[in-house]
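Have a look at the structure below, then the notes.
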Amino acid sequence: MDSNTEKIFRRLPDFMQKTIKGMPPEVTDNFEEIRIRSRRDTLIISGGREISLHDASEITPDILEETLNRLLDYSYYAYEDELSKGYITIEGGHRVGICGRVTLREDKVHLIKDISSLNIRRSRQIIGASGKVIRAVCDDSRHTISNTLIISPPKCGKTTILRDLARVLSNKGFKVGICDERSEIAGCYNGETSYDLGDRTDVLDGCPKAEGILMLIRAMSPDVIITDEIGKKEDVKAIEAALCAGVGIITTIHGSSYEDIACSSIGELVENQVFDTLVFLTATPETGTVKRIMKLAGMKKGA
């Protein structure tokens, strides 16, 4: 079991840790999610299979509360903003989805109480994950980067490919800036990344994309900025500002087809061919499968 995966297990209640340690390595080394629900069986999803860890009688509301407290390192305050969005990101870049009773403040979600379920999604580095797209993203002969949008439904490997693209482009000599709003790409903890992102990569952690993209441009003079899950109007303006500054963009959005993104909040960027390359991913037959690469324009950004 790798050290980054152990960071998840160490935060679980002792009886869960004991059960997991008794499971075969082919399960623990390849798991994708752990789903913990009040009065329901706890499931570990590994290799496409659901395996029961504990039966419903063991998962009381108190156990769920204890589990969340351990995941939060007993610091609600430090995670208050993330909790208002229905998730937290823990050490190692692992995301924990949270459901329960929502409390409002000024008609906006403030936090979630009376926890009813948790979904722990494992984050990991797969060296070479970008191998099937790197030639569409980077032209070695001209040392240029294509502005790239990666499109797929959830859980198809977008962030894993972004992480590997950062490493590869950095090692090719590009200055890479990562705006990591959800702390998932780099998995930063106390200023240190959890993954190999290359020696020329700078990470702005926990910063909203609209502000972070502009901060990276001003402060770090990157050749390319990598960020995840764009969609807000402010994100669109920040991307336009980056392109006007001559900085390349590689980012992702949820969707399944060209029509999906053409009708989305970034549809104008796509229709105007701001992105040179569109990469469509699927989870069939396995996570990270490249379904299609669409070239919209020529390479633009050189280092």
Condition check for Leu43: closer than 20 Å to Gly93 by Cα and either out of contact with any His (no Cβ under 9 Å at 6 or more places or on another chain) or hydroxyl-bearing (Ser, Thr, Tyr) (or both): no
Unique residue being open to solvent by less than 70 Å² (accessible area, probe 1.4 Å), farther than 27 Å from Leu104 by Cβ and among the polar types (S, T, N, Q) when the list is Ser84, Ser38, Ser57, Ser46: Ser46
Among (1) in a helix (DSSP H, G or I); (2) farther than 26 Å from Ile90 by Cα; (3) open to solvent by less than 50 Å² (accessible area, probe 1.4 Å) - the single one Leu216 does not satisfy: (2)
Residue that is closer than 18 Å to Arg11 by Cβ and among the acidic types (Asp, Glu), where the choices are Glu33, Glu106, Glu50: Glu33
Failed item, numbered, when Gly198 is tested on (1) open to solvent by 10 Å² or more (accessible area, probe 1.4 Å); (2) in a helix (DSSP H, G or I): (2)
Given (1) of a type outside the set (Lys, Arg); (2) open to solvent by 30 Å² or more (accessible area, probe 1.4 Å); (3) part of a helix (DSSP H, G or I), number of the condition Met16 does not satisfy: (2)
Elements of type strands (runs of 3 or more DSSP E) contained in segment 28-131, each with 3 or more residues being without any contact (Cβ under 8 Å) to a residue 40 or more places away in the chain and more than 17 Å from Arg182 (Cα to Cα): 42-46, 49-54, 94-105, 108-121
Residues satisfying the stated conditions in segment 228-255, i.e. open to solvent by 60 Å² or more (accessible area, probe 1.4 Å) and either assigned to a helix (DSSP H, G or I) or in contact (Cβ under 8 Å) with a residue 60 or more places away in the chain (or both): Lys233, Glu234, Lys237, Glu240, Cys244, His254
Failed item in (1) surrounded by fewer than 22 Cβ atoms within 10 Å (Cβ to Cβ); (2) out of contact with any Asp or Glu (no Cβ under 9 Å at 6 or more places or on another chain); (3) farther than 19 Å from Glu65 by Cβ, with Ser117 passing the rest: (3)
Residue in segment 129-147 that is more than 17 Å from Lys172 (Cα to Cα) and either out of contact with any Leu (no Cβ under 7 Å at 6 or more places or on another chain) or open to solvent by less than 80 Å² (accessible area, probe 1.4 Å) (or both) present: no
Cross-chain or 6+ apart pairs with Cβ under 7 Å, segment 165-184 first and closer than 10 Å to Asp223 by Cα, then outside any loop (DSSP other than H, G, I, E, B) and acidic (Asp, Glu): Gly177/Asp202
Exclusive hit being β-branched (Val, Ile, Thr), in contact with a helix residue (DSSP H, G or I) (Cβ under 9 Å, 6 or more places away or on another chain) and over 15 Å from Glu65 (Cα atoms), set Val96, Val133: Val133
Segment 60-81, residues that are within 17 Å of Asp205 (Cβ to Cβ) and surrounded by 15 or more Cβ atoms within 10 Å (Cβ to Cβ): Tyr79
Selected residue (only one of Thr42, Thr5, Thr28 is hydroxyl-bearing (Ser, Thr, Tyr) and more than 19 Å from Gly97 (Cα to Cα)): Thr28
Conditions (1) farther than 20 Å from Glu82 by Cα; (2) surrounded by 14 or more Cβ atoms within 10 Å (Cβ to Cβ); (3) among the hydrophobic types (A, V, I, L, M, F, W, C); number of the one not met by Val203: (1)
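Yes/no matrix, rows are residues, columns are (1) in contact with a Lys or Arg (Cβ under 8 Å, 6 or more places away or on another chain); (2) not aliphatic (A, V, I, L, M):
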{"position": "Arg11", "(1), (2)": "yes, yes"}
{"position": "Gly22", "(1), (2)": "no, yes"}
{"position": "Asp29", "(1), (2)": "no, yes"}
{"position": "Ser52", "(1), (2)": "no, yes"}
{"position": "Ala56", "(1), (2)": "yes, no"}
{"position": "Ile59", "(1), (2)": "yes, no"}
In segment 154-195, the residues that are modelled with pLDDT of 95 or more, of a type outside the set (D, E, K, R) and open to solvent by 40 Å² or more (accessible area, probe 1.4 Å): Asn171
Any hit, segment 163-174, residues being part of a helix (DSSP H, G or I), farther than 30 Å from Arg10 by Cβ and polar (S, T, N, Q): yes
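The values are calculated or read from the model by the stated rules, or taken from the named source; none is laboratory data. These numbers come from a predicted model, not from an experiment. Cβ atoms come from the backbone with ideal geometry, glycine included; neighbour counts cover every protein chain shown. Only protein heavy atoms, including side chains, enter the accessible area calculation; ligands, DNA and RNA are left aside. Shrake-Rupley method; radii C 1.70, N 1.55, O 1.52, S 1.80 Å.
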